[in-house]
1. Select, from B:Gly241, B:Gly218, the only residue that is within 13 Å of chain A (Cβ to nearest Cβ), within 19 Å of A:Val194 (Cβ to Cβ) and crowded, with 20+ Cβ neighbours inside 10 Å.
2. Does at least one position in region B:193-204 carry a residue that is modelled with pLDDT of 90 or more and under 28 Å from B:Ala47 (Cα atoms)?
3. Would you confirm, using the coordinates I've provided, whether B:Val20 is at pLDDT below 80, within 22 Å of A:Pro90 (Cα to Cα), touching a helix residue (DSSP H, G or I) at 6+ places or on another chain (Cβ under 7 Å) and among the aliphatic types (A, V, I, L, M)?
4. Please go through region A:201-231 and give me each residue that is of a type in the set (D, E, K, R) and crowded, with 19+ Cβ neighbours inside 10 Å, ordered by number.
5. Out of (1) under 29 Å from B:Arg195 (Cβ atoms); (2) facing chain A (nearest Cβ under 10 Å), the odd one out for B:Gln73 is which?
6. State whether one or more residues within region A:96-104 are farther than 22 Å from B:Leu25 by Cα and more than 8 Å from chain B (Cβ to nearest Cβ).
7. Which condition from (1) more than 9 Å from chain B (Cβ to nearest Cβ); (2) within 13 Å of the chain's Cα centre (by Cα) is the one that A:Val196 breaks?
8. Which is surrounded by 15 or more Cβ atoms within 10 Å (Cβ to Cβ) and within 23 Å of the chain's Cα centre (by Cα), of A:Leu81, A:Leu162, A:Leu127?
Amino acid sequence: MADMLSRLRPWVFPVLVLSLLEWYVRSVADSSDALATPLQAARAWWDLLWLSSDEGLWRVTGFTLGTAALGLGMGAGCGLLLGLLLGLSPRAARMSFLTVEVLRPIPSVALIPLAMLVFGFGVRMELSVVAFATFWPMLILTQAAARQVEPRLLEVSAALGLTAWQRTWWIVLPAMVPRLFVALRLGVAVALVVAVTVEIAANPNGMGYAMMIAQQSMEPARMLAWLFWIGVVGMVINVVTLRAQQWAHVRMGGSVTDTHRVSA
Amino acid sequence: MNLLAQALRRCLVWWESIAVLLIFLSVWWLASHGDWISRVFLPTPEATWASLAQGFSAEPGQDAADLGQASWQTFVRMFLGWGLASLIGVGLGALIGMSQIARQWIAPTLEFLRPLPASAVLPLAISIFGLSPGMVLFVVSFGAMWPVLLATVQGLAQVEPRLKEVAAGLQLSRLAFVWKIGLPSTLPDILAGMRLSMTVSLIVAVVGEMIASQAGLGQAILLAARSFRASELFAGIVLLGALGFVSNALLAGLEQRLLRWQRP
């Protein structure tokens, strides 16, 4: 009984807030063009779920997630390679320091107009902005991960007479894996946020745009449904990547109790 | 002799770093002058510089956008939103973190809201507040609040148990405990959260200006892109990068000052 109660506990607060909202909108802002009650939003979500046209839930979600994943692949891939180079060679890191520090603070959204100018609307502009946004954290974290490889492992590789390539592939990369998963988790979160932001600001595709257009056509229930759905998608992805990160940590020889520290 | 060699080497490090940046700039120069990339997209560095200079000396009524004014407006929006977010984040975080019970009941909901993209709240805010400066400020501080709030809650949960015993021994009230022991010992977490929320607030401020047509750099670069004024667009991007750089550097300085007591 106590166990069940503690399992219910996380739901009490949101249910309370949602019922307050339901009551408020019904009593104060009834028949408003700007707001809908949570129940109406739930019904709008249900309708979206079964809509099989291009505006259906799954296709729109698929567009955003697919673009975010592809952009992440491009940005994180480049960031990983360059980060590895800068992490393994202190000289290269010193030399590129200034350039990185000049380019890194540019907020990714500043590139939305440029991407619009170059690519027009569509997948490619969103891809480019997501790739730019995910490149920097991946670069910095990979660099840090490569520098934090246990020195004794490098001594072992020297004693074994490994070539630089063998050392990177057999020793450095496997030793970096847990930290890389932490970086990847951050990258996934950034990719999703940036993809939705690009869609809200400019690109007429995906979840962000669906929400924007629902607001502009005075369908608050649908807008709230999308907002809620974006939250759910974000949370599910967060949980999945957290699991992956913990799995990688345990798999690469970290203790299970350590995973809590990593997750925090 | 040794000292001289050290100084020389330090000079060399800087020189190499600057050289790489210069190489980067000259590649830009070559790419635009050699028409590797169309000048519609990639203006020459000189043209960008000229746009910057013109933007800062623009008279009212002139064709060029007043970039100085726009930067200032974006800076104010970002800074106000960030300040509000920090205040509210620390306040709410302290309220929630103060009691074990509140933490257990409310924290899961906060974890749900954490991965939600801040810009996803824009459509909802537009339908409640309309396209006003206040709306953008609200979204900026709402989005930037989470890192600070979560850091405060988490930090308060991890206060050294012995400090709690000291507080109990001194018979401090709960409020006094949070004010005199809890928040100071959480300061590193809070500052890290505030740094993250600075980045978020710049991004959301720019997106908000783009969508709600509020004066600022976001609107300036969007208009420049729409009218194919690439040099002005690049000038805006440079300014946004500078804004990000300066605010980050200021905060890093503040962090070092405030956390001086932490280092031996």
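1. B:Gly218
2. yes
3. no
4. A:Arg222
5. (2)
6. No, region A:96-104 has no match at all.
7. (1)
8. A:Leu127
The values are calculated or read from the model by the stated rules, or taken from the named source; none is laboratory data. Keep in mind it's a predicted model, so treat the numbers as computed, not measured. Please note: Cβ atoms are built from the backbone with ideal geometry, for glycine as well, and neighbour counts cover all protein chains shown.
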